[in-house]
1. Any idea which residue in the range 27-42 is least open to solvent (accessible area, probe 1.4 Å), counting only those that are more than 20 Å from residue 100 (Cα to Cα) and without any contact (Cβ under 8 Å) to a residue 12 or more places away in the chain?
2. Scan the range 6-25 residue by residue and report those that are in a helix (DSSP H, G or I) and either at pLDDT below 95 or surrounded by fewer than 13 Cβ atoms within 10 Å (Cβ to Cβ) (or both).
3. Go through the range 19-48 residue by residue and tally those that are within 23 Å of residue 109 (Cα to Cα) and either β-branched (Val, Ile, Thr) or in contact with a Ser or Thr (Cβ under 8 Å, 6 or more places away or on another chain) (or both).
4. Is it fair to say residue 87 is assigned to a helix (DSSP H, G or I), open to solvent by 50 Å² or more (accessible area, probe 1.4 Å) and small (Gly, Ala, Ser)?
5. Name the pairs: first residue in the range 43-62 and open to solvent by less than 50 Å² (accessible area, probe 1.4 Å), second residue charged (D, E, K, R) and not in a helix (DSSP H, G or I), Cβ to Cβ under 8 Å, at least 6 apart or on different chains?
6. So which of 50, 80 ends up being among the β-branched types (Val, Ile, Thr), part of a helix (DSSP H, G or I) and either out of contact with any Gly (no Cβ under 6 Å at 6 or more places or on another chain) or over 22 Å from residue 4 (Cα atoms) (or both)?
Amino acid sequence: MRDYYKEFVDISLQQCREDDYLDPKKIRAHNIAMRKMKRLQRELQSNGVTDFFQKLLKHEDDRVRMNAAVLCLQLHFCKTEAVETLSHIAHSSTDNTLRFSAKMVLKGIDQT
C-alpha cells in the first residue's frame, strides 16, 4: 500500500527555504517537487484520502505543515486546525518566505 504520509513529507522537505533560492540546483529540485506535490494533491483529493492530515498539521517542519494546511483548506477538511497552523507559521516561522506565504493564504481566507 502506498505511504501517502511519507510521500507528502518527502516532497514537502524538498521545498526551498529562504536561503535556498540562491542555489539554482535547489530551485530546480523545488520546482520538480512542487509538480509532484500537485499530482499527489490531485490524487489525494480524487481518492478522498484524509486520514493522515491531522498528523501532518503537527509535523515539526513548517514546510510540511504549510502544505498540509493549504491542502486541508482546499479539501474543506480540518479547516480550524489548518487556519491555526497557518496563523502559527505566519507569526512564528523562522523562514520569511513561509511566514509571508502563510499570511497571504490567511488573507485570502479572510477575503472569501
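The values are calculated or read from the model by the stated rules, or taken from the named source; none is laboratory data. Every value quoted in this text rests on a predicted model; they were computed, and no experiment measured them. Cβ: placed from backbone, ideal geometry, glycine included. Neighbour counts: every protein chain shown. Protein only, heavy atoms only, side chains kept; ligands, DNA and RNA dropped before computing areas. Shrake-Rupley method; radii C 1.70, N 1.55, O 1.52, S 1.80 Å.
1. Selected residue: 38.
2. 6, 18, 19, 20, 21, 22, 24, 25 - these are the residues of the range 6-25 that are in a helix (DSSP H, G or I) and either at pLDDT below 95 or surrounded by fewer than 13 Cβ atoms within 10 Å (Cβ to Cβ) (or both).
3. Here the count works out to 2.
4. In short, no.
5. From the range 43-62, the pairs are 62/95.
6. Just a single option satisfies the conditions, and that option is 80.
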